[in-house]
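The values are calculated or read from the model by the stated rules, or taken from the named source; none is laboratory data. These numbers were taken from a predicted model, which means no experiment stands behind them. For neighbour counting, all protein chains shown are included, and Cβ atoms are generated from backbone atoms with ideal geometry for every residue, glycine included. The area values use the complete protein model at the heavy-atom level, side chains included, leaving out ligands, DNA and RNA. Shrake-Rupley method; radii C 1.70, N 1.55, O 1.52, S 1.80 Å.
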Amino acid sequence: SEAQLMMAALSKSVRKITVFLYAVLMLVVVCGTLMYVVESSEAGFTSIPVSIYWAIVTLTTVGYGDISPQTPLGQFLASLIMIMGYGIIAVPTGIYSAELIKTYNEEKIRNDACPDCGRTGHDFDAEFCKYCGHQLGDYS
């Protein structure tokens, strides 16, 4: 049941994560193209696809070091992309975690029926039914 809970949360967050990945893709294309314009081919930025590859490697904080900016403006842009990379790594984790907690709470409320009256919707830490006063069981 725990795996089903995790899969339900993942399926609920697919749309948000897809939109997020599309935004990251656009960011990589823009940053790679901008770096191609700023840097020269001597620094390794020989084409826009190569520059996009560099932006992906930098944004994901992998940083192979095979291509690196040489100009101060290029280094500044690279620094911004590196800092954005840390935030970008955290976003899908937050989206998934929020959906996981929401799904868990929905499942807990759904399964927490009062043994006496059968009603649900009790508080997370309730010991007694808020409708009939009957003691609730331990469902944790």
Item to check | Contacts under 7 angstrom Cβ, first residue in the range 54-79 being closer than 15 Å to LEU34 by Cβ, partner of a type in the set (S, T, N, Q) and open to solvent by less than 80 Å² (accessible area, probe 1.4 Å), 6 or more apart | outcome: ALA78/THR58
Checklist outcome for this item: THR61 meets each of (1) among the β-branched types (Val, Ile, Thr); (2) closer than 26 Å to PHE20 by Cα; (3) more than 27 Å from the chain's Cα centre (by Cα) with one exception, condition (3)
Item to check | Test: VAL38 is β-branched (Val, Ile, Thr), on the phi < 0 side of the Ramachandran plot and open to solvent by 90 Å² or more (accessible area, probe 1.4 Å) | outcome: no
Checklist entry - If a residue has to be in a loop (DSSP other than H, G, I, E, B) and among the polar types (S, T, N, Q) to count, how many in the range 65-117 make the cut? => result 3
Checklist entry - Hey, among the residues in the range 25-35 that are among the hydrophobic types (A, V, I, L, M, F, W, C) and crowded, with 19+ Cβ neighbours inside 10 Å, which one's nearest to ILE89 (Cα to Cα)? => result VAL28
Checklist entry - Considering the range 50-75 alone, what residues qualify as being surrounded by fewer than 12 Cβ atoms within 10 Å (Cβ to Cβ) and not aliphatic (A, V, I, L, M)? => result TYR64, GLY65, ASP66, PRO72
